1. Take the Cβ-Cβ distance between residue 309 and residue 79 as r, set R0 to 45 Å, and report the resulting FRET efficiency rounded to the nearest 0.05.
2. From the Cα gyration tensor of region 280-418, with a ≥ b ≥ c the square roots of its eigenvalues, which class applies: rounded if a/c is under 1.5, or else prolate if a/b is larger than b/c, or else oblate?
3. Give, in nm to one decimal, the length gained when the segment between residue 284 and residue 173 is fully stretched (0.36 nm per residue of separation minus the Cα-Cα distance).
4. Taking the Cα centre of the chain as origin and charging only Cβ (+1 Lys, Arg; -1 Asp, Glu), how large is the dipole, in debye to the nearest 20?
5. Listed highest first by mean packing, meaning other Cβ atoms within 10 Å per residue, what order do 196-203, 34-41 come in?
6. Using only the alpha-carbon atoms, how far is helix 151-165 inclined from the longest principal axis of the chain? Give it as 0 to 90 degrees, nearest 10.
7. Choose one answer from 57, 173, 101: the residue with the largest mean-square fluctuation in a GNM of the chain with alpha-carbon springs under 10 Å.
8. Excluding residue 70 itself, calculate the net charge of residues whose Cβ lies under 10 Å from the Cβ of residue 70, where each Lys or Arg counts +1 and each Asp or Glu counts -1.
Amino acid sequence: MTDDTDTSLLTCIKVDQLYKSYRIWWDSKARLKAPLLRIVLRLSKSLPISLPTFASQTLENWLASYAKEFHALYGISLKIHKGEAIGIVGLNGSGKSTLLQILAGILTPTKGTFHVQGRVAALLELGAGFNFEFTGRENAYMNAAILGIDRKELDKKFEEISDFAEIGEFMDQPVKTYSSGMVVRLAFSILTQIDPDILIIDEALGVGDAYFQHKCAHKIREFRSQGKTLIFVSHDPGAVKSLCDRAILLEKGKIIKEGKADAVLDYYNAIVAKKEKDQEIKQIETSTGHMITRSGNAKAEIAELSLINSSDEDIRCFNCGETARFRLKIKFNSTLVNPTVGLLIRDRLGVEVFGTNSFYRNDREFTALEGSISLVEFEVALNLGPGSYSIAVAVHQGAAHTEESYDWFDNAVVFDVLPDPHNHSIGLAALPCKIKWE
């Protein structure tokens with residue numbers, strides 16, 4: 001096992017300059033011609049009289065034109081410490097699944113090295129590693145054998161696997177008769193009950209029903225509490241922020257951002273919305289350690305944001321249940337028809353607690369003229385649990401900022417909610433509640 005610079009942190013995964021390339025043929029004929037050309041070139045070099053330089057170069061050019069190299073991963077280097085939970089995010093085609101398949105031992109890198117310390121269990125694409133002609137029980141034993149677990153050991157754990165999967169009599173039916181949700185239930189149950197050191201999950205949990213997703217999230221947290229390592233790929237920012245300490249953002253096979261999960265996910269959110277070349281993404285760290293992410297094409301700008309209580313005071317601390325007014329001053333640098341103004345509240349882990357925007361709550365037509373300034377106010381009853389929260393605000397077109405983002409401002413303001421001594425509660429929400437005894 002390799003030690004990191006901090007000797008208290010043990011490195012269980014180390015990746016150094018990892019490349020994975022694929023050859024993409026222009027057509028089926030090219031795939032057949034290429035080997036023949038290689039034979040001709042090889043023979044020409046062994047002949048007493050070699051081919052003229054121009055002829056040899058022409059053959060080389062023909063060979064190069066038949067295919068192109070696609071780099072799924074391009075120089076990836078990273079370290080993952082034992083007990084860490086790492087989220088890997090990126091747009092489709094960024095190389096996330098390729099990286100996980102290499103770490104799981106399914107793919108071989110084209111170049112570079114990687115070292116994994118410990119037993120790895122991977123839940124990758126739906127049904128990967130299953131024989132669909134076998135029953136669920138048979139697949140459980142087969143997967144366990146692949147991971148080095150003998151039959152006697154799995155015999156002791158099988159009842160737990162069956163109980164967690166909750167697929168009943170289907171456990172002894174062929175997997176080809178399962179729904180996609182049942183396949184995920186079985187796969188996740190097998191992986192978590194065989195006690196791996198490193199658990200790799202690639203999007204697959206999004207297939208299961210809501211009940212099983214909650215059950216899996218609880219199991220993953222339990223897994224983490226045991227000091228195990230998690231590598232998690234998902235397009236759900238809330239899931240990554242709540243389950244992971246650190247995140248890595250991939251784009252075109254390269255790591256372009258790495259750090260705390262909430263900061264990386266905010267940057268990723270800005271990339272998703274970025275459709276125009278002139279749109280900038282800026283990140284700065286404040287003196288309090290909060291990372292502020294701002295993006296948009298600047299056709300409109302959020303000039304000011306105030307948090308005001310019922311006494312018209314601009315404050316950063318509210319009582320549980322108190323009404324807060326979030327007042328935005330917006331400057332329009334272009335004439336915009338029906339711009340949307342949005343508000344999003346997140347907890348200290350970056351999990352989205354509440355969000356809304358004027359597209360859904362304002363039915364009037366409105367044109368903002370170039371150079372004009374508007375004041376927009378959201379009045380919200382803070383029925384939130386005690387804790388620290390952050391505000392993201394945005395001006396965009398349509399229902400979501402992905403249509404066209406003018407200004408998206410993450411972590412614009414941080415505020416606190418104090419506990420209500422008369423109505424004790426725990427959790428993110430402080431819902432009105434009455435208890436009756438009979």
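Each reported figure results from applying straightforward, stated rules to the coordinates on display, with no laboratory input. Everything numeric in this text was worked out from a predicted model, so none of it was measured. So basically every Cβ, Gly included, is an ideal-geometry build from the backbone, and we count neighbours across all protein chains shown.
1. Between residue 309 and residue 79 the formula returns 0.45.
2. Prolate, because a/c is 1.5 or more and a/b exceeds b/c.
3. Taking residue 284 through residue 173 to full extension adds about 34.5 nm, to one decimal.
4. 1920 debye
5. Going by the mean number of other Cβ atoms within 10 Å, highest first, we get 196-203, 34-41.
6. The angle comes out near 40 degrees.
7. Among 57, 173, 101, the largest GNM mean-square fluctuation belongs to 57.
8. Charge balance near residue 70 sits at +2.
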